[in-house]
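S.K.: Pasting a structure here, questions to come.
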Amino acid sequence: MSKLWGGRFTKKTDQLVEEYTASISFDKELAQEDIQGSLAHVTMLGKQGILPAEDVEAIQDGLHRVLQRIKRGEIEFAIADEDIHMNIEKTLIDDIGPVGGKLHTGRSRNDQVATDMHLYLRKRVVEFVGLLQKLQEALVGQAKENLDTIVPGYTHLQRAQPILFAHHLMAYVSMFGRDIERLQDSYKRINTLPLGAGALAGTTFPIDRHFVAEQLGFDRVYENSLDAVSDRDFIVEFLSHAALVMMHLSRLSEELILWSSTEFRFVELDDAFCTGSSIMPQKKNPDVPELVRGKTGRVYGDLMGLLTVLKSLPLAYNKDMQEDKEGMFDTVRTMQGALQLFAPMIATMKVNKQQMRQAVNQDFSNATDIADFLVGKGLPFRQAHEVIGKTVLYCIENNKYLLDLTLDEFKQFSPLFDDRIYQVLQPEQVVNARNVYGGTATVQVEAAIGRAEQQLAQTATWVEEYLEKSK
């Protein structure tokens, strides 16, 4: 059969051109969305009297059969038919005859493919919000189990001040919460219908774009036909949000890798999420977080790739825009895999509370609290800072920690020290002294967990609502 667009041409397409320009190898992933959009489109054609009812019914029945055949893996897509749209249309015509060619009335592949991608990303965004919620739940669960676990807090990867391990985990809950908010906000722009824009200028047929939008669950339609077929901002926005999600996962991955090392021994990842060595039988490698850390670069590349494709494109559709899909699919698969693994990996992680406490006891991360103690006695902070700096240096030179010093040793640096300094230096006291909103005090972390659980419930409700919308 000749090309569905072949009337203008006198030669067959060169085989190499067919192979180079075809997108069916990857856009076949849009098959379900393509048929979903076609069903709404042909229903509208019937409603508007553009196609007779018998043709609409034949096309609808044929599309349902094609979809079932695709799901059963019975259809072999052909490079000669270029893309998923032409492959489905050809299969439909083979099934119901020439009437199948009426399906394309009043539309172009330009607005058709844009609609497919809006439908596709709409589902993925809801899915990712749900996966991020599961990860937050795992982190909150570990935080609740570790409200009594004190760990060194770091800046510059140097021990800084003691904090609750729960407080550290809740920082990631906040990060992933922002990711959820960004994805939820992007849904508004993804859920805009381009169908009806035609190739670039609309159509001469009396279509009803708002009816199609209602059929497909879109909240609105594109206001400008040129913008509708050339806009890929919604994909760029998704990729940028995905890059942030992966960056957050990569940061957490790095910490898990460090914490599970022999040098730290703060946590142990479950065997189900680790691998061994082919030569060193003692090894237990944190391959999942390592690979997530590595795959973050793929998502960054997908984002930069699409931005580069779009940076100089004139309106409206150009073949360059075929390059918008593979990066999108790659990012979806990459982030799906990472998020599906991360929640159970965090939930099953064992925390070595004793090792964390030992680390806190063998450092100078409580030094700031001594300075604050002296400030409370009336010493200016800058002078207190110098006093404690000299005290720490003395400890280092004498192989001691601050709690090892006698009161006389303290007093050689300042007469303001008294017995209360030993209470001030206790890790629990250091942690709970930071009783400000957002601080690491136990009461503040408990409150943060409570707020997070309320937000998790709201996110779950959002996911349920929007899963129903995007069916």
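The values are calculated or read from the model by the stated rules, or taken from the named source; none is laboratory data. Quantities reported herein were computed from a predicted structural model and do not represent experimental measurements. For neighbour counting, all protein chains shown are included, and Cβ atoms are generated from backbone atoms with ideal geometry for every residue, glycine included.
S.K.: Quick one: how many residues across the range 232-264 are assigned to a loop (DSSP other than H, G, I, E, B) and either of a type in the set (Ser, Thr, Tyr) or in contact (Cβ under 8 Å) with a residue 60 or more places away in the chain (or both)?
M.R.: Final tally of qualifying residues: 5.
S.K.: Among the listed residues Ala359, Ala384, which satisfies the condition of being touching a helix residue (DSSP H, G or I) at 6+ places or on another chain (Cβ under 6 Å) and surrounded by 17 or more Cβ atoms within 10 Å (Cβ to Cβ)?
M.R.: Ala384
S.K.: Additional query: Considering only residues of the range 355-398 that are among the charged types (D, E, K, R) and more than 39 Å from the chain's Cα centre (by Cα), which is nearest to Val430 (Cα to Cα)?
M.R.: Asp372
S.K.: Which one of Arg189, Arg232, Arg220 is buried (at least 17 other Cβ atoms within 10 Å of the Cβ), closer than 27 Å to Trp462 by Cβ and not hydrophobic (A, V, I, L, M, F, W, C)?
M.R.: Testing whether each residue is buried (at least 17 other Cβ atoms within 10 Å of the Cβ), closer than 27 Å to Trp462 by Cβ and not hydrophobic (A, V, I, L, M, F, W, C) leaves just Arg232.
S.K.: Considering the range 69-89 alone, what residues qualify as being assigned to a helix (DSSP H, G or I) and farther than 16 Å from Gly100 by Cβ?
M.R.: Those that are assigned to a helix (DSSP H, G or I) and farther than 16 Å from Gly100 by Cβ: Lys71, Ile79, Ala80.
S.K.: Here's a check for you: in the range 308-328, which residue that is outside any helix (DSSP H, G or I) and in contact with a Leu (Cβ under 7 Å, 6 or more places away or on another chain) is surrounded by the fewest Cβ atoms within 10 Å (Cβ to Cβ)?
M.R.: Going through the qualifying residues, I end up with Leu315.
S.K.: Still on this structure, please answer the following. Look through Gly100, Gly130 and report the one residue that is of a type in the set (Gly, Ala, Ser), part of a helix (DSSP H, G or I) and under 13 Å from the mean Cα position of the chain (by Cα).
M.R.: Of Gly100, Gly130, the one residue that is of a type in the set (Gly, Ala, Ser), part of a helix (DSSP H, G or I) and under 13 Å from the mean Cα position of the chain (by Cα) is Gly130.
S.K.: Now, a different point. Which condition number in (1) of a type in the set (D, E, K, R); (2) assigned to a loop (DSSP other than H, G, I, E, B); (3) out of contact with any strand residue (DSSP E or B) (no Cβ under 9 Å at 6 or more places or on another chain) is the one that Arg434 fails?
M.R.: That leaves (3) as the condition not met.
S.K.: Same structure, new question: Kindly establish whether Leu291 is surrounded by fewer than 19 Cβ atoms within 10 Å (Cβ to Cβ) and over 25 Å from Val236 (Cβ atoms).
M.R.: Considered against the rule, which asks whether it is surrounded by fewer than 19 Cβ atoms within 10 Å (Cβ to Cβ) and over 25 Å from Val236 (Cβ atoms), Leu291 comes out as yes.
S.K.: Would it be correct to say that Tyr401 is within 46 Å of the chain's Cα centre (by Cα), surrounded by 13 or more Cβ atoms within 10 Å (Cβ to Cβ) and among the aromatic types (Phe, Trp, Tyr)?
M.R.: yes
S.K.: Now for a separate question. Between residues in the range 283-296 that are within 14 Å of Phe342 (Cα to Cα) and residues that are assigned to a loop (DSSP other than H, G, I, E, B), which pairs lie under 8 Å by C-beta distance while being six or more apart or on different chains?
M.R.: So the pair list comes out as Pro286/Ser260; Pro286/Leu269; Pro286/Cys274; Asp287/Cys274; Val288/Leu269; Val288/Cys274; Pro289/Leu269.
S.K.: Of the residues Thr331, Thr368, which is part of a helix (DSSP H, G or I) and at pLDDT below 95?
M.R.: Thr368
S.K.: Here are some conditions: (1) closer than 21 Å to Tyr120 by Cβ; (2) touching a residue at least 60 places away in the same chain (Cβ under 8 Å). Gly305 meets all but one. Which one does it not meet?
M.R.: Every listed condition holds for Gly305 apart from (2).
S.K.: Given the condition under 24 Å from Asn285 (Cα atoms) and within 23 Å of the chain's Cα centre (by Cα), answer yes or no: does some residue in the range 263-271 qualify?
M.R.: Yes, because at least one residue in the range 263-271 is under 24 Å from Asn285 (Cα atoms) and within 23 Å of the chain's Cα centre (by Cα).
S.K.: Then there is this: State yes or no: is Val99 buried (at least 22 other Cβ atoms within 10 Å of the Cβ) and at negative phi?
M.R.: Here the answer is no, as Val99 does not meet what is asked.
S.K.: I've got another one for you. Considering each of Gly294, Gly305 in turn, give the residue that is in a helix (DSSP H, G or I), closer than 24 Å to Asp27 by Cβ and within 24 Å of the chain's Cα centre (by Cα).
M.R.: Selected residue: Gly305, the only one of Gly294, Gly305 that is in a helix (DSSP H, G or I), closer than 24 Å to Asp27 by Cβ and within 24 Å of the chain's Cα centre (by Cα).
S.K.: Run down Gln282, Gln322 and say which single residue is modelled with pLDDT under 95, of a type outside the set (Lys, Arg) and closer than 25 Å to His241 by Cα.
M.R.: Sole residue among the options that is modelled with pLDDT under 95, of a type outside the set (Lys, Arg) and closer than 25 Å to His241 by Cα: Gln322.
S.K.: Listed residues Thr391, Thr440, Thr459; which is within 30 Å of Leu119 (Cβ to Cβ) and touching a Leu at 6+ places or on another chain (Cβ under 9 Å)?
M.R.: None of the others qualify; the one that does is Thr459.
S.K.: Right, something else. Within the range 201-217, can you find the residues that are buried (at least 17 other Cβ atoms within 10 Å of the Cβ), more than 30 Å from the chain's Cα centre (by Cα) and not hydrophobic (A, V, I, L, M, F, W, C)?
M.R.: Correct list: Gly202, Thr203, Arg209.
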